[in-house]
Amino acid sequence: MFDTIKEEVNSNTIGGIIKNQMLKYIMVNGSFLINDLSRITGYSLTTIMKYVATMQEDGYVIPLGKIQNHSKGRQSVRYGVNPDSCYFIGVDIKNFELSIGLMNFIGEMIDKKNYTDFQFENTHQTLDMVCNTIQDFIAEHNEIDQTKILDICINLSGRVNSSAGTSASVFNFEEMQDTPLAELLSEKLSKKVFIENDTKAMAYGEYLSGLNKKFKNLIYVNIGWGLGIGIIIYGKIYYGMDGYSGELGHVHMYDNNVMCHCGKKGCIETEVSGSAIHRKLMQRIKDGEISLLSHRVKDGNHVTIRDIIDAAEKEDPMAIELIEQTGLELGHQLAGLINLFNPEAIVIGGTLSSSDPNYFIQSIELAIRKYSLKLMSQKVEILTSELKNEAGLIGACMIARARIFNDFE
């Protein structure tokens, strides 16, 4: 039954086109009126009503109530999707955390779990463990008809071609070269699986969680251990030819002779990222400078980005200086993107976005004003992520939901 609706909405029949437009409209706007669909599809009210009735009989569409029609005092019925009609799974893989969520079609998160004992390694064992954890998560929801869980989207770091279902950065094992990773995962999990770049998923989740009501074009910045961006153009993720767009961190910009993990020297990420802050702090402490984190470094304890942010909040001069420097350099690079893309908004996300805005966001804004064209930047809104650590998980669920439409990209 649920495979049938996916086939229908992607068909070129009149019914398929109308059902496709109906579901996409609800996905973005939450509900619709018959007049709404007639306007955007060009089909008559009678035709629209016919297919709405069919979707209602099949259990996908439900009436939400009547509203007053201002013309001649008539009332119109507002329709929405039956929340229990189908579900989607999102998986967000971070270096030290695995998150899995279950979302219904109207975008409500039914359940989510964060596995904080997780540690990412690019191995077969980690891939198997992720699959087993997903299967256990699904099995825990035995109150849901398993056929109603339509798709799974899994976020991965690095270069991901989501259209082809391939990853060039992680889980790219030699013996798996002939079969796309998404296809192998679909076989393992007995569900249709899509893979997505983590930053693009974060951008999409942030956008559809409210920013779409105000903006059509924005840039999402994911600055954590590394640096990447997600670009939204006219409400859609911009992928580029192979899906690898957004690798701002690997643009050559500095003659600092610092080796980036991509194998090249002088990348933006070597100066503008959590890893850059960490490297500089460790070196300065080893050179004899004093910080609240000095004892941790000297005792051989691991220092995280969160530790450095916490030290800045306790007014540690070195941590504050490094965060401010990073903000200024990030703003410098974003000024160039503003001049190129002329976006409506820039959203700062990732671990460093939780830094004190007086140190980080203000530095970004200062550099943007200094280095961008005033005509281009004066209306750009600089925002901090509202979803914070959950942006990737919510984005993965929403992408799984959107992927029932073939024209998602």
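Within a straight-line Cα-Cα reach of under 19 Å, residue 298 can be paired with the following lysines, leaving aside sequence neighbours fewer than 8 residues apart in one chain: 280, 286. Ellipsoid semi-axes for segment 131-203, based on the Cα gyration tensor and the rule √(5λ), read 23, 14, 10 Å when sorted largest first. Computed on the Cα trace of segment 228-274, the radius of gyration divided by the Kirkwood hydrodynamic radius gives Rg/Rh = 1.08.
Where only protein heavy atoms count, and the probe is 1.4 Å, what is the accessible area per residue for segment 179-228 in Å²?
Numbers: 1680 Å² over 50 residues.
Here the per-residue accessible area is 34 Å².
Of all DSSP beta bridges in the chain, what percent run antiparallel (nearest 5)? About 60 percent, rounded to the nearest 5.
Helices in the chain, meaning DSSP H runs of at least 4 residues, each add -39500 (n - 2.57). Divided by all residues, the mean residue ellipticity at 222 nm is -12000 deg cm²/dmol. Of the GluC sites (Glu not before Pro) found in segment 283-367, the ones in coil according to DSSP and having at most 11 other Cβ atoms within 10 Å of their Cβ are 315. In this structure residue 261 has an accessible area near 140 Å², from a 1.4 Å probe over the protein heavy atoms. Within the accessible surface of the chain, defined with a 1.4 Å probe on protein heavy atoms only, the carbon and sulfur portion equals 50 percent. In percent, rounded to a whole number, the relative contact order of segment 1-154 is 18, using alpha-carbon pairs under 8 Å and six or more apart.
Quick one: compute a quarter of the convex hull surface over the Cα atoms of segment 123-262 and quote it in nm². Working shown, then result.
Numbers: hull surface 43.9 nm².
Hull-based average projected area comes out at 11.0 nm².
With no solvent and one point per C-alpha, what does the Debye sum give as log10 I(q)/I(0) for segment 71-190 at q = 0.17 Å⁻¹? Normalising to I(0) and taking log10 leaves -0.91.
Spin-label model, residue 116 to residue 132: label points 7 Å out along the Cα-to-beta-carbon direction sit 2.3 nm apart.
Rolling a 1.4 Å probe across the protein heavy atoms gives segment 27-158 an accessible surface of 50 Å² per residue. With protein chains left intact and a 1.4 Å probe, residues in segment 268-346 average 45 Å² of accessible area per residue.
Counting only residues at least eight positions apart within a chain, or on another chain, the lysines with an alpha carbon under 23 Å from that of residue 374 are 214, 216. At an R0 of 30 angstrom, the distance between the Cβ atoms of residue 33 and residue 242 translates into a FRET efficiency of 0.15. Straight-distance candidates among the aspartates and glutamates for linking to residue 213, with alpha-carbon spacing under 19 Å and chain neighbours fewer than 8 residues away dropped: 36, 108, 344, 381, 386. The share of alpha-carbon pairs in segment 308-409 lying farther apart than 17 Å comes to 59%. The trypsin sites (Lys or Arg not before Pro) found in segment 337-409 that occupy coil by DSSP, while having at most 14 further C-beta atoms within 10 Å, are 379. Between residue 14 and residue 375, the distance separating the two model label sites (each 7 Å from Cα on the Cα→Cβ line) works out to 5.0 nm. Here the label points at residue 233 and residue 344, each 7 Å from Cα along the C-beta direction, are separated by 1.6 nm in the simple model. Taking the alpha carbon gyration tensor of segment 222-358, multiplying each eigenvalue by 5 and rooting it gives semi-axes of 29, 17, 12 Å, largest first. Residue-normalised convex hull volume from the C-alpha trace of segment 78-135: 83 Å³ per residue. Classify the chain from the C-alpha gyration tensor, please: rounded if a/c falls under 1.5, else prolate or oblate depending on whether a/b exceeds b/c. It is prolate, given that a/c is not under 1.5 and a/b is the larger ratio.
The values are calculated or read from the model by the stated rules, or taken from the named source; none is laboratory data. Everything quoted here is computed from the prediction, not taken from an experiment. Cβ: placed from backbone, ideal geometry, glycine included. Neighbour counts: every protein chain shown. Ligands, DNA and RNA are stripped out before the accessible areas are found, and what is left, the full protein with its side chains, is counted by its heavy atoms. Shrake-Rupley method; radii C 1.70, N 1.55, O 1.52, S 1.80 Å.
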